[in-house]
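Have a look at the structure below before the remarks.
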Amino acid sequence: MWLIDSSIGRKLIMSITGVFLVLFLIFHGTMNFVVLFSADAYNAIAAFLGANWYALVGTKMLAIGFVVHIIYAIYLSYQNKKARGAVGYNVTSSQKSVEWTSQNMLVLGVIVVGFMVLHLIQFWSKMQWVELSHKMGLETSGDLALATDGAYWVKHYFENPIYSILYIVWLVALWLHLTHGIWSAMQTLGTSSNIWLPRIKVISNVLSTVIILLFISIPVYFLLGFNI
Amino acid sequence: MEKNINVTLKIWRQASPKVKGEFISYKMDNVPTDSSFLEMLDVLNERLLKERKEPVEFDHDCREGICGMCSLYINGHPHGKDGGTTTCQLHMRRFSNGETIVIEPFRSAAFPVIKDLRVDRSAFDKIIQSGGYVSVNTGGAQDGNAIPISKIDADEAMDAASCIGCGACVATCKNGSAMLFVAAKVSQLSLLPQGKVERAARAKAMVSKMDELGFGNCTNTGSCEAECPKSISISHIARLNREYLNAKFTD
């Protein structure tokens, strides 16, 4: 199977799952931004998604996207480490044109996944999971009334500045991951050329910055002393 | 302006592929700054021969930057820190008096060390043999403009064809990937009418050979482009990706 056996096939999977996850981030970030204007509107979106079938299908696809992206990342990194050879260089150097992020995508990815676990415990397990287990008739300690009250949980966690700062650290790591990831995906998909390569890099920087600003506005808003 | 400098060389010495290598330091006094880097190594080897010691083995041939035979990882850069030049085009005027120069072989799992600073780069030949050619003799040169080729394509093909296959891209890549080399070879042929006919089969064959030989996966860091003595652009890598994906999806 060339999607596993060939280097470009593996990179294709990385870029497609990556683009898919970026689309998810655009949606998630836009949705989050609403909470700054209206807690009710935000809760309406949360309730609309909830544990309804379409949201569950979306969640499952998303989970698959994440898992495939991560498994391929580990596999590619392992192969690349092996291809570098057993003996390293005594003196290494960096080139001005080489972004730091491009050489540290795995490290950034690990940071992103680490914080994502925290995020899932804080939000997903209190919201969609509670509603879903309730529907399936399972015992949960979660409060069903709060399962679609997203604004409550946002307030609950971000009023604590420690969590706000942790989320900012997470988002900065994600931002760095995206600035390389978006243009790199386009390059792998072959959409780049002498003319488009610099354009794609600019698009990548702008898009990742917009996405991260949507997300980071919330912890920053709370840190500045505002409340929703 | 010519002057003489004293430098210390820290050179990787390894007797054969399997044995463990080590760095050995050599003091070089009164090196004329007008001499080339390889001439300086020649002087060192003359001295070692006179002292009845093993000379340092290193690859070189044309010494004018077109054959792709010289290599060397000098102070952390393949072909030294100057951009767009090969090791044989590097001169001692680029170093300062009293400097320690660390010289290592090109390293990668696919480029095993043969001896000292010489590495086996025949993996590149195997990739070329797998598809980097035009199977049919296309005859003598056509009359000018009999087959119109756009200026853009002609320039791109020419830029790609300037690849000398030295392996600096693999040596500098943190993934030991040969994508820039393969991309240059695929680009050069698929942009022109003679090579276009076999483009799909070529892209598939060369990429699969590259993977089989243990080169890594490209992660678009761009360090190959930065260190390439012929400044070949990574936009050729995008073209290779396109060629390969097109070939696979039309299967």
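Listing for the model above:
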| item | result |
| --- | --- |
| Subset of region B:186-208 that is within 11 Å of chain A (Cβ to nearest Cβ) and open to solvent by 30 Å² or more (accessible area, probe 1.4 Å) - its residue that is nearest to the chain's Cα centre (by Cα) | B:Ser208 |
| Every residue from region B:112-130 that is among the basic types (Lys, Arg) and assigned to a strand (DSSP E or B) | B:Lys115, B:Arg118 |
| Residue within region B:117-138 that is within 26 Å of A:Gln103 (Cα to Cα), open to solvent by 50 Å² or more (accessible area, probe 1.4 Å) and within 14 Å of chain A (Cβ to nearest Cβ) present | no |
| Pair list, Cβ < 6 Å and 6+ apart or interchain, from region B:230-247 residues that are facing another protein chain (nearest Cβ under 8 Å) to residues that are aromatic (Phe, Trp, Tyr) and assigned to a helix (DSSP H, G or I) | none |
| Qualifying residue in region A:73-84 (condition: surrounded by fewer than 18 Cβ atoms within 10 Å (Cβ to Cβ), within 7 Å of chain B (Cβ to nearest Cβ) and of a type in the set (A, V, I, L, M, F, W, C)) | no |
| Checklist (1) surrounded by fewer than 24 Cβ atoms within 10 Å (Cβ to Cβ); (2) over 24 Å from A:Leu106 (Cβ atoms) applied to B:Asp211, failing item | (2) |
| From A:Pro161, A:Pro219, residue being within 19 Å of the chain's Cα centre (by Cα), farther than 30 Å from B:Asn220 by Cα and more than 14 Å from chain B (Cβ to nearest Cβ) | A:Pro219 |
| Residue that is least open to solvent (accessible area, probe 1.4 Å), among those in region A:1-39 that are closer than 20 Å to B:Leu245 by Cβ and not in a helix (DSSP H, G or I) | A:Ser6 |
| Scan of region A:40-74 for residues that are closer than 19 Å to A:Met136 by Cα and in a helix (DSSP H, G or I), ordered by number | A:Ala47, A:Phe48, A:Leu49, A:Trp53, A:Tyr54, A:Ala55, A:Leu56, A:Val57, A:Gly58, A:Thr59, A:Lys60 |
| Tally of residues being among the small types (Gly, Ala, Ser), more than 30 Å from A:Trp153 (Cα to Cα) and either surrounded by fewer than 17 Cβ atoms within 10 Å (Cβ to Cβ) or in contact (Cβ under 8 Å) with a residue 40 or more places away in the chain (or both) across region A:163-192 | 3 |
| Residue in region B:80-98 that is open to solvent by 20 Å² or more (accessible area, probe 1.4 Å), among the aromatic types (Phe, Trp, Tyr) and either under 21 Å from B:Pro32 (Cβ atoms) or within 13 Å of chain A (Cβ to nearest Cβ) (or both) present | yes |
| Among (1) open to solvent by less than 30 Å² (accessible area, probe 1.4 Å); (2) within 14 Å of chain B (Cβ to nearest Cβ); (3) within 18 Å of the chain's Cα centre (by Cα) - the single one A:Ile212 does not satisfy | (2) |
| Residue check, B:Ile103 buried (at least 19 other Cβ atoms within 10 Å of the Cβ) and either of a type in the set (D, E, K, R) or not in a loop (DSSP other than H, G, I, E, B) (or both) | yes |
| Unmet requirement for B:Ile152, which otherwise passes all of (1) assigned to a loop (DSSP other than H, G, I, E, B); (2) under 24 Å from B:Glu225 (Cα atoms); (3) among the aliphatic types (A, V, I, L, M) | (1) |
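Residue-wise test of (1) open to solvent by 20 Å² or more (accessible area, probe 1.4 Å); (2) under 24 Å from the mean Cα position of the chain (by Cα).
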site: B:Glu22; (1), (2): yes, yes
site: B:Ser25; (1), (2): yes, no
site: B:Asn30; (1), (2): yes, no
site: B:Thr33; (1), (2): no, no
site: B:Phe37; (1), (2): no, yes
site: B:Met40; (1), (2): no, yes
site: B:Asp59; (1), (2): no, yes
site: B:Arg63; (1), (2): yes, yes
site: B:Gly68; (1), (2): no, yes
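The values are calculated or read from the model by the stated rules, or taken from the named source; none is laboratory data. Values in this document were obtained by computation on a predicted structure and should not be read as measured data. As a convention, Cβ positions derive from the backbone with ideal geometry for all residues, glycine included, and neighbour counts pool all protein chains shown. Quick note on the areas: whole protein, heavy atoms, side chains included, nothing else; ligands and nucleic acids left out. Shrake-Rupley method; radii C 1.70, N 1.55, O 1.52, S 1.80 Å.
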